[in-house]
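Nothing in this text is a laboratory measurement; each read-out follows from the coordinates by a stated rule. Predicted model, so just to flag it, every value in this text is computed and none were measured. Neighbour counts run over all protein chains shown; Cβ positions are idealised from the backbone, glycine included.
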Amino acid sequence: MFDLTNAIYHDADKPASIWRVSIGAMKEDVKSSGPLGGEGKTVEADETYIGKRETPRVSEQRKGRPFTKKGKGGGAHKRIVVGLVERGGKARMFHLNDATASTVRDVLVRNVSRDTTLYTDSSRLYTRTGDEYASHKTTNHAAGEYVRYEGAETIHSNTIEGVFSVFKRGMVGVYQHCGEAHLHRYLAEFDFRYNRRTALKVTDTERHDQLLAMIEGKRLTYRRIGEAGHA
């Protein structure tokens, strides 16, 4: 029997999928756009959790059984996103399978210049890596501290929290569903939006032309939309 609902969904989503795949293939990174930060600049870093994982993490201590937290799924059953944002500049978000000091360090050192001032919360994910930067300052969210002032410095990670907020509102309010295998493409889409916002003096015409340049020459079939695992 022909599934009209499924056909309508794919027809409606196909144009968005084409440009999302195109943006995902051209996600800004060090090679294309250089590192974030630099001397005299500040980068905020943080991690967030969204949606349910299709492949829950397992614990070696629990003999291969999934992690739990007080009998509930906890963050171990959610998808992990690490975000970076240069104050007054651009943002980059990454989907990680595991959030450890090692995996987070890899994201930081590949994307943020070492002569940058780094602001994070007090998570142990950033403690040692922070020592590799010009300066690393934190706020203690567990103690209710979300901003601190040191002379002319305003120390917080609220900017990256704002980036996460826009991303989550878009995912819940607009797209509603995203297979884990495609999450990196949605992250690239929201990076594209944030990095071409009006505050950076990017016009609608420039944004439009840059998007069309990414789509040019791309062809997407129905098979490609759902071919990845957990789509």
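Taking 27 Å as the limit for the C-alpha separation, the pairs 137/201; 41/78; 41/201 exceed it in the case of 137/201; 41/78.
Each peptide in 205-213, 100-108 receives the mean, over its residues, of other Cβ atoms within 10 Å, and ordering these scores from highest gives 100-108, 205-213.
Residue 209 to residue 148: extension gain in nm, 0.36 nm per residue of separation minus the Cα-Cα distance? Show your work: numbers first, answer last.
Working: separation 61, 0.36 × 61 = 21.96 nm, distance 4.08 nm.
The residue 209-residue 148 span can extend by a further 17.9 nm.
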